[in-house]
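See below for the structure under consideration.
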Amino acid sequence: MPVRHLRFDVLTIFPAMIAGPTQESIVKRAVEAGLLTVRVHNIRDFASDKHHTTDDTPYGGGAGMVMKPEPVFLAAEHALAEAKSAGECGDDSAIVLLTPQGRLFTQDVAAELAERRHIVLICGRYEGVDERVREHLATDEISIGDYVLTGGELPALVVLDAVARLVPGVLDAESLAEESISSGLLEYPQYTRPASFRGWTVPDVLLSGNHAAIARWRRQQSLLRTLRRRPDLLARAELTPEDRKFLDSLRSEPG
Ligand code: ADE
């Protein structure tokens, strides 16, 4: 099977915010391994006036500044052309505007984006972005949660990280398969040495060497945690008849 490759172009007026996190750890290794390309473009470089202005006051008045459309369009067109000449995009690049008004980012959205070859991430700033960017440039708008950040840089990094790790080869296949959130449940508790730390001991079953018992305990802990902390996830989780029996026994427990 040919190696899949994903290219990200991040458009921002604060390129240093993107550069650091994408030059560390797993993303860095994936870039070095040729699985990912990450390019950062300073929107300011595409502003035509002497002061490289990227924002202006809103038509109609009111407080705050609005990001101008021209430099954002030019930066995006530059990124698309560069990706094309590098042979790193098809005709279906995703152009994602990070905004609190977007659709909510979830693992399913990450999986959907990980199927792409090319993703452009536009980091909005200030009080907003000219509406023509949404209407005529962005193909998608994403919010990472119901809270307001000072800009789209951290959300872009969140999306980049969550999508990058789903590209085949970026993580070892086993850790992805074992990961519980993709099966719809929360992770079971993990322990490492020492077996007793300040008097707090590791559950006996994990030291037993009984792999079937360990697997059963982990599954039950995942179910228990999900029921207690995120019962909303259970409705969509893939559950076996044994899982359901266990959950029923918990629900019928007093307290
Ligand atoms: N920009 C500011 N806040 C944001 C959020 N929660 N998600 C995406 N982009 C944003």
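Between the amide H of SER143 and those of THR99, GLY102, ARG103, LEU104, PHE105, distances stay under 5 Å, these residues lying 5 or more places away or on another chain, with hydrogens modeled in the peptide plane. Here the dipole of the chain is about 1000 debye; that uses its Cα centre as origin and unit charges on the Cβ of Lys and Arg (positive) and Asp and Glu (negative).
Relative intensity of the chain on a log10 scale, I(q)/I(0) at q = 0.07, 0.15, 0.16, 0.17 Å⁻¹, equals -0.35, -1.07, -1.15, -1.24, per a Debye sum over C-alpha point scatterers of equal strength in the absence of solvent. Once backbone amide H atoms are built at 1.01 Å from N, ILE95 has VAL120, THR139, ASP140 as its partners under 5 Å, excluding neighbours fewer than 5 places away on the same chain. The alpha-carbon of LYS84 sits under 19 angstrom from the alpha-carbons of these aspartates and glutamates, leaving out residues fewer than 8 places away in its chain: ASP9, ASP92, GLU115.
For the options THR53, THR22, THR99, a Gaussian network treatment of the chain with springs between C-alpha atoms closer than 10 Å singles out THR53 as fluctuating the most. For the chain, a Gaussian network of Cα nodes joined below 10 Å ranks VAL129, VAL202, VAL40 by mean-square fluctuation, and the top entry is VAL202. In the chain, the longest principal axis of the Cα atoms and the axis of helix 69-85 are about 70 degrees apart. With contacts taken as Cα pairs under 8 Å at a separation of at least 6 residues, the chain carries a relative contact order of 19 percent.
For a quick check of your reading of the filter: which chymotrypsin sites (Phe, Trp or Tyr not before Pro) in region 19-92 sit in a DSSP loop and have no more than 12 other Cβ atoms within 10 Å? List each step's numbers first, then the result.
Numbers: sites: PHE46, TYR59, PHE73; in loops: TYR59.
Passing both the DSSP loop test and the Cβ count: TYR59.
Put a dot 7 Å past the Cα of SER252, heading toward its Cβ, do the same for ARG229, and the two dots end up 2.8 nm apart. Please report the carbon-and-sulfur percent of the accessible area for the chain; probe 1.4 Å, protein heavy atoms only, DNA, RNA and ligands left out. Carbon and sulfur together cover 53 percent of it.
Near VAL10, the amide H atoms lying under 5 Å from its own belong to ARG39, VAL40, HIS41, LEU121; only residues 5 or more places off or on other chains count, and H is placed 1.01 Å from N. Entry note, region 25-84: relative contact order of 26 percent, from Cα contacts under 8 Å with a spacing of 6+ residues. Distances between every pair of Cα atoms in region 56-138, grouped in 5 Å steps from 0 to the bin holding the largest one, split as 3, 13, 22, 21, 18, 13, 6, 4, 1 percent.
Counting other Cβ atoms within 10 Å, which trypsin sites (Lys or Arg not before Pro) in region 29-110 have at most 12 and lie in a DSSP loop?
Sparse-neighbourhood loop trypsin sites (Lys or Arg not before Pro): LYS50.
Which loop chymotrypsin sites (Phe, Trp or Tyr not before Pro) in region 96-180, with loop taken from DSSP, have no more than 12 other Cβ atoms within 10 angstrom of their Cβ?
Filter output for region 96-180: TYR147.
A 1.4 Å probe run over the protein chains yields, for the chain, 59 Å² of accessible area per residue, whole-number rounding. Segment ARG216..GLU238, full-extension length gain: 6.4 nm, with 0.36 nm per residue of separation and the alpha-carbon distance subtracted. Couplings for region 20-35, taken from phi via the Karplus curve 6.51 cos²θ - 1.76 cosθ + 1.60 with θ = phi - 60°, read x, x, 8, 10, 9, 6, 5, 5, 4, 5, 5, 5, 5, 7, x, 8 Hz in order; Gly and Pro are left as x.
Dimensions of region 178-251 along the principal axes, based on C-alpha atoms and rounded to the nearest Å, stand at 37, 24, 22, largest first. On C-alpha positions alone, give me the angle between the axis of helix 153-164 and the longest principal axis of the chain, in degrees, nearest 10. For 153-164 against the chain, the angle is about 50 degrees.
Residues considered: SER93, SER143, SER196. Largest GNM mean-square fluctuation over the chain, using C-alpha springs under 10 Å, is found at SER196.
Annotation: the antiparallel percentage among DSSP beta bridges lying fully within region 5-107 is about 20. Expressed as a whole percent, the proportion of Cα-Cα pairs in region 64-189 lying more than 16 Å apart is 65%.
Efficiency by 1/(1 + (r/R0)^6): what FRET value for LYS28 and SER208, r their Cβ-Cβ distance, R0 = 41 Å, to the nearest 0.05? Display every interim value, and only then the final one.
Values: r = 38 Å, r/R0 = 0.94.
Efficiency at R0 = 41 Å is approximately 0.60.
The values are calculated or read from the model by the stated rules, or taken from the named source; none is laboratory data. Bear in mind that the values here come from a model prediction, so they are computed numbers and not experimental data. Cβ atoms come from the backbone with ideal geometry, glycine included; neighbour counts cover every protein chain shown. Quick note on the areas: whole protein, heavy atoms, side chains included, nothing else; ligands and nucleic acids left out. Shrake-Rupley method; radii C 1.70, N 1.55, O 1.52, S 1.80 Å.
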